[in-house]
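A.B. asks: Just passing along the structure, written as structure tokens.
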Amino acid sequence: MKAFLMTASVAAVAALIAGCGDEPAAQPPASQPPSATPSATPPTTSAPPPGVWRDDVAPAPRAGKVSGGPCRLPATFDIAPGWTVSAPAEQPRGALNARCVVKAADGSAVIKMWVADTPGANPREAIVGFVGGETITDKPEYRDTNIGRITGTEVTLAGVERSRVRAFTVTTPRQVITVSVNATGKGGGEPGLPAYLLAKQTFVLTER
């Protein structure tokens, strides 16, 4: 009897081992087919530092207008309270000639109009030429923007003593016009920005 049971047990184990050997080997998971479209992120252009354009600042109130008087101008714009207009004494900057100077009442900033007789000029190229005459301490930032009711190019950059320089340029078939604002003191910042924004908002060409 014992011999019979041992024989049966051995046969059962052998059958179990044989059955396991007959099972198909596990298959590796199927690889995913390659995507039909690439997932690469398209290149992007670098953005200027946050707040560099100070679009939160409002233009100054109107108190007068630059037109004629001591300046020979191809355009007009409004000036802020206390700002005074005088004829320029600046030397030419390349093709640019200063046509008018507008100074803040406290002497903290000055707005200047520059004119160049450059037919068919491009506003972006023209304002890059203007920046070449400034003392700067960082990379200038440019943008196309509305100047009064026309379109031009604007630049903002860091100048000496932590102050910022702003300027806009428009072109006509005969000339280039640039209006800039600079701080005159050592306090840094943009003390003339509201007056500059008023000039930008109310700018009107009188010569075309």
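A.B. asks: I need the fraction of alpha carbon pairs in the stretch 69-208 separated by more than 20 Å, rounded to a whole percent.
C.D. replies: Considering the stretch 69-208, 41 percent of its Cα-Cα pairs are separated by more than 20 Å.
A.B. asks: Looking at the stretch 109-167, which GluC sites (Glu not before Pro) are DSSP coil and have at most 14 other C-beta atoms within 10 Å of their C-beta?
C.D. replies: The qualifying sites: there are none.
A.B. asks: If packing is taken as the average number of other Cβ atoms within 10 Å across a peptide's residues, how do 177-183, 113-119 rank, most packed first? Display every interim value, and only then the final one.
C.D. replies: On the way: 177-183: 24.4, 113-119: 18.4.
The most tightly packed comes first, giving 177-183, 113-119.
A.B. asks: Here is a follow-up. For K112, list the lysines whose Cα falls under 27 Å from its own Cα; do not include residues on the same chain fewer than 8 positions away.
C.D. replies: Partners within reach: K65, K103, K139, K186, K200.
A.B. asks: So between S67 and K186, what do we pick up on full extension, going 0.36 nm a residue minus the alpha carbon distance?
C.D. replies: 39.8 nm
A.B. asks: A further question follows. What does the net charge come to around D78 if you take all other residues with beta carbon closer than 11 Å to its beta carbon, with K and R at +1 and D and E at -1?
C.D. replies: +3
A.B. asks: Can you grab the distance from the C-alpha centre of the stretch 168-194 to the C-alpha centre of the stretch 98-121, Å, no decimals?
C.D. replies: So the separation of the two Cα centres works out to 7 Å.
A.B. asks: So, one more: In the stretch 95-208, what percent of the accessible surface is made up of carbon and sulfur (1.4 Å probe, ligands and nucleic acids excluded)?
C.D. replies: Here carbon and sulfur together make up 48 percent of the probe-accessible area.
A.B. asks: Separate question: Which of the peptides 65-72, 85-92 is most tightly packed, and how do the rest follow, judged by the mean count of other Cβ atoms within 10 Å per residue?
C.D. replies: 65-72, 85-92
A.B. asks: So, in nm, how far is label V128 from label D56 when the simple model puts each one 7 Å beyond its Cα toward the Cβ?
C.D. replies: Modelled inter-label distance: 3.2 nm.
A.B. asks: Could you work out the equivalent-ellipsoid semi-axes for the stretch 158-198, taking the square root of 5 times each eigenvalue of the Cα gyration tensor, largest first, in whole Å?
C.D. replies: In descending order, the three semi-axes are 25, 11, 6 Å.
The values are calculated or read from the model by the stated rules, or taken from the named source; none is laboratory data. Everything quoted here is computed from the prediction, not taken from an experiment. We place every Cβ from the backbone using ideal geometry, glycine too, and count neighbours over all the protein chains shown. Surface areas here come from the heavy atoms of the whole protein model, side chains and all, with no ligands, DNA or RNA. Shrake-Rupley method; radii C 1.70, N 1.55, O 1.52, S 1.80 Å.
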